[in-house]
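J.: What follows is a single structure, and I will ask about it in a moment.
What follows draws every value from the coordinates through simple rules; no lab data is involved. Quick caveat: nothing in here was measured; it's all calculated off a predicted structure. Positions of Cβ are generated from backbone atoms using ideal geometry, with glycine treated the same way; all protein chains shown enter the neighbour counts.
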Amino acid sequence: MPAERLQKIIAAAGVASRRKAEDLIVSGRVLVNGQVVTELGTKADPEQDHIRVDGKLLQGPERYTYVVLNKPKGYVTTVSDEKKRPTVMDLVQKVKGRVYPVGRLDWASEGLLLMTNDGALANALMKASSNVAKTYVVKVAGQPDEAKLDKLRRGVSIAEKGGRRVRTAPAKIRLIREGDNPWLEVTIIEGRNRQVRKMFEEVGHHVEKIRRVQYGPLALDVPPGDWRNLTLLEVAKLKTAATGPKISLPPSAPTSPRAPKLLQSSKPLRSPRSPHLAKSPAPNRPHD
């Protein structure tokens, strides 16, 4: 087997992320054939060399694990949090294998979150050029008129971190429940930080609730706080979505409102578990 960078080998073995693996190397906690290695450019052959981290011999590449989690409100999408807030890692402690979130849902957002240790797939999905569709159900304050919705469908200018403004790609938006504070279904092909919230703020409407219900070929089908492993077919479809032909998302035409089919928003959580196969969710209306 060709020699590879140590941090890549350590990450593939499931010990830590590549960035953390670099810290382990620099701090002198990695040995190759009994010698301490601190140079980040060092390469090794995981099949021929004895590699130890903190004295523990690496056992080769970790098997890839793919999990879909229904993230509840009140959890941050990070491995650790400086403010000691609950993280999504607290919900997947029983997952076999060390998994990491693909992209983010902010603290107040809910819904479908993909988690895996397949770094190549995660990077492919998170690339701006992947154009993987993400669908949300959104409750907004006030009633945006059709002119505002058309503006969002065409794309609006939103502020990113640092004050730089970018224009969003075309989006699909349709009304799914009327009311003083209506529910809408929004599909985008980007993954900018708090993008849907910022889009509606630009047309004068605050997002009160948001839940991601679809990510590429995956649909939300587990209760809040719960997770399940992906099937082989779902993994194959995800890889196709990440590397397949890129098609721009055309703006949607307005349609008659109807109640969406999705899981109820999070209430008190139960202990996470992993069913072998996900059951079809019972249709429910979003609660106010």
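J.: Using DSSP to define loop residues, name the chymotrypsin sites (Phe, Trp or Tyr not before Pro) in the stretch 156-232 whose beta-carbon has at most 12 other beta-carbon atoms within 10 Å. Don't skip to the end; give the middle numbers.
T.: On the way: sites: W183, F200, Y215, W227; in loops: none.
Qualifying residues, ordered by number: none.
J.: Would you list D23, D150, D118 from fewest to most Cβ contacts within 10 Å? Could you put the intermediate results ahead of the total?
T.: Details: D23 12, D150 15, D118 20.
Listed from fewest to most nearby Cβ atoms, that is D23, D150, D118.
J.: Right, here's the next one. Which lysines have a Cα less than 28 Å from the Cα of K56, not counting those fewer than 8 places away in the same chain?
T.: Partners within reach: K8, K20, K43, K94, K96.
J.: Just need the Rg to Rh number for the stretch 1-116, please, alpha carbons only, Kirkwood Rh.
T.: With Rg and the Kirkwood Rh in hand, the quotient comes to 1.05.
J.: Still on this structure, please answer the following. Send over the Kirkwood Rh of the stretch 4-57, from the inverse of the averaged 1/r over different Cα pairs, rounded to one decimal Å.
T.: Numbers: mean 1/r = 0.0950 Å⁻¹.
After inverting the pairwise mean of 1/r, the radius is 10.5 Å.
J.: Something else now. Between S157 and L233, how many nm apart are label points set 7 Å from Cα along the C-beta direction?
T.: 4.7
J.: R52 versus T78, label points 7 Å from Cα toward the beta carbon: distance in nm?
T.: 3.4
J.: Whole number please: convex hull volume per residue of the Cα set in the stretch 97-144, in Å³?
T.: On the way: hull volume 4.9 nm³, N = 48.
Taking only Cα atoms, the stretch 97-144 has a hull volume of 102 Å³ per residue.
J.: Using modelled backbone amide H atoms (1.01 Å from N, in-plane), which distant-in-sequence or interchain residues come within less than 5 Å of K209's amide H?
T.: Here the answer is K139, since their amide H atoms fall under 5 Å of that of K209.
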